[in-house]
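A quick write-up on the structure given underneath.
The values are calculated or read from the model by the stated rules, or taken from the named source; none is laboratory data. Source: prediction; values computed, not measured. Note that each Cβ is placed from the backbone with ideal geometry, even for glycine, and that neighbours are counted across all protein chains shown. All accessible areas refer to the heavy atoms of the entire protein, side chains included, with ligands and DNA or RNA removed. Shrake-Rupley method; radii C 1.70, N 1.55, O 1.52, S 1.80 Å.
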Amino acid sequence: MSGSRTQRDPARRDAVITGIGVIAPNGIGADVFWKSTQEGISVLDRITREGCADLPLKVGGEVRDLDPGTMVEDRFLVQTDRFTHFAMAAADLALADARLGRADYEDSPFDVGVVTASGSGGGEFGQRELQELWGKSPRFVGPYQSIAWFYAASTGQISIRGGFKGPCGVVCSDEAGGLDAFAHAAGAIARGTGAVVVGSAEAPLAPYSVVCQLGYEDLSTSDDPTRAYRPFTRDAHGFVPAEGGAMLVVEEAAAARRRGARPRARIAGHAATFTGPSRWEESRQGLARAIQGALAEADCAPEEVDVVFADALGTPAADRAEALALVDALGEHGRRVPVTAPKTGIGRAYCGGPVLDVAAAVLAMEHGLVPPTPNVFDVCHDIDVVTGRARRASLRTALVLSRGLMGSNAALVVRIADPD
């Protein structure tokens with residue numbers, strides 16, 4: 001994918017974002033999410049989900065403002081997990097934002113695909129059915145247990161519910177899969193697909209899911225919501241998980257314009273690497289290589305990057321590796337470019353986290369505003385982390401980063417859409 005520094009190929013099929021749907025701890029819908037994000041509001045709090053009170057994980061980002069029944073039909077609710085409820089609701093919001101309705105594709109349903117990323121699938125649904133199995137008998141286990149927990153459940157349900165018959169898939173590549181999904185969507189667009197509903201939503205705060213996460217050495221078990229997740233500081237001692245995520249509509253640019261849609265941003269470049277589970281020292285090289293690969297695909301010089309949405313894991317070794325990777329990949333510009341991590345106010349939603357960052361990056365470019373990093377003040381690394389309040393800036397290119405606990409690294413370059 002070439003960018004601003006070379007002659008554009010008029011025959012190239014650009015992938016542009018036309019719709020954003022958000023289900024996040026700090027708001028339902030892109031507008032509410034952005035208002036909270038730009039103001040640096042932290043909604044981290046004690047976890048209140050049933051069955052979690054006595055577990056070591058105390059703080060997280062819960063989605064409290066959504067009644068799934070108001071957005072998802074009963075027949076889908078009973079056969080899906082909470083993570084799929086979030087994804088379906090976010091997909092509806094994204095499609096509405098893009099003004100992409102059934103009338104636009106009813107004659108060509110194979111022209112619309114769905115790609116989601118998933119870190120753990122439907123843990124809450126699976127826990128409930130396994131309790132029925134062991135506490136009662138197999139006769140009390142519903143038939144939807146076979147599909148509701150599955151990583152691909154959100155992709156399947158969104159495509160069935162929307163009548164989308166184009167290329168569909170699910171990415172299972174660690175938290176970084178949230179960015180890898182955009183590469184799959186852009187690839188589908190390049191090969192001829194008209195539109196892809198893409199993103200991720202997670203629901204990791206059921207008791208079974210929480211117990212599974214307790215094995216992560218990078219998980220913060222602090223009981224203070226203001227100090228539990230503080231990356232890039234001397235107080236960094238891990239991350240806290242979050243529910244929710246986002247779905248976006250990505251379309252072929254010319255087709256989007258023909259139907260009157262507004263391209264908001266262009267998926268310009270992506271690259272991914274793998275450096276192994278929790279090997280944060282090695283993630284420096286892996287993340288730097290991913291950044292360089294994404295910039296090369298976007299034909300973007302390092303100094304053209306206007307803002308970085310950091311992975312911000314929240315442990316000293318991981319934070320140091322990320323800060324050094326920025327300088328390795330961007331040179332001295334890596335020390336000067338504004339860096340932000342809005343997720344410190346809502347928690348890391350695993351695969352949904354970097355998708356929320358992509359949504360925030362598009363909104364930041366549209367508003368000319370770098371959102372702050374909540375709960376972070378005393379930065380101890382040689383990078384320009386935006387703290388306290390939002391910073392005004394001319395933003396045309398955003399770099400979004402993600403790393404997974406199992407060793408995946410990804411970088412995505414998003415650029416403001418070219419004018420008509």
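Overview of values
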| quantity | calculated |
| --- | --- |
| Positions within the stretch 343-358 being within 8 Å of the chain's Cα centre (by Cα) and not in a loop (DSSP other than H, G, I, E, B), in sequence order | GLY352, GLY353, PRO354, VAL355, LEU356, ASP357, VAL358 |
| Residue selected from the stretch 56-74 under the condition in a helix (DSSP H, G or I) and open to solvent by 70 Å² or more (accessible area, probe 1.4 Å), by the criterion nearest to VAL240 (Cα to Cα) | THR70 |
| Index of the failed condition, LEU100 passing every other in (1) of a type in the set (A, V, I, L, M); (2) open to solvent by 30 Å² or more (accessible area, probe 1.4 Å); (3) not in a helix (DSSP H, G or I) | (2) |
| Residue tally, condition surrounded by fewer than 20 Cβ atoms within 10 Å (Cβ to Cβ) and closer than 21 Å to VAL376 by Cβ, over the stretch 44-55 | 2 |
| Subset of the stretch 289-322 [open to solvent by less than 10 Å² (accessible area, probe 1.4 Å), in a helix (DSSP H, G or I) and either modelled with pLDDT under 95 or out of contact with any helix residue (DSSP H, G or I) (no Cβ under 7 Å at 6 or more places or on another chain) (or both)] | ALA290, ALA294, ASP319 |
| Residue in the stretch 148-166 that is among the β-branched types (Val, Ile, Thr) and surrounded by 20 or more Cβ atoms within 10 Å (Cβ to Cβ) present | yes |
| Per-region count, the stretch 237-266, residues among the aliphatic types (A, V, I, L, M), surrounded by fewer than 24 Cβ atoms within 10 Å (Cβ to Cβ) and touching a Gly at 6+ places or on another chain (Cβ under 9 Å) | 2 |
| Count of residues meeting criterion [aromatic (Phe, Trp, Tyr) and either surrounded by 20 or more Cβ atoms within 10 Å (Cβ to Cβ) or assigned to a loop (DSSP other than H, G, I, E, B) (or both)] in the stretch 192-229 | 2 |
| Filtered residues of the stretch 75-97 (kept if in contact (Cβ under 8 Å) with a residue 40 or more places away in the chain and surrounded by fewer than 20 Cβ atoms within 10 Å (Cβ to Cβ)) | PHE76, VAL78, GLN79, ASP92, ALA96 |
| Top-ranked residue of the stretch 117-147 - restricted to ones that are in a loop (DSSP other than H, G, I, E, B) and in contact (Cβ under 8 Å) with a residue 12 or more places away in the chain, ranked as surrounded by the fewest Cβ atoms within 10 Å (Cβ to Cβ) | GLY142 |
| Verdict on GLY334 being touching a Lys or Arg at 6+ places or on another chain (Cβ under 8 Å) and open to solvent by less than 20 Å² (accessible area, probe 1.4 Å) | no |
| Test: residue in the stretch 376-397 that is open to solvent by less than 10 Å² (accessible area, probe 1.4 Å) and under 18 Å from the mean Cα position of the chain (by Cα) | yes |
| Residue list for the stretch 267-284, filter: out of contact with any helix residue (DSSP H, G or I) (no Cβ under 7 Å at 6 or more places or on another chain) and crowded, with 22+ Cβ neighbours inside 10 Å | ALA268 |
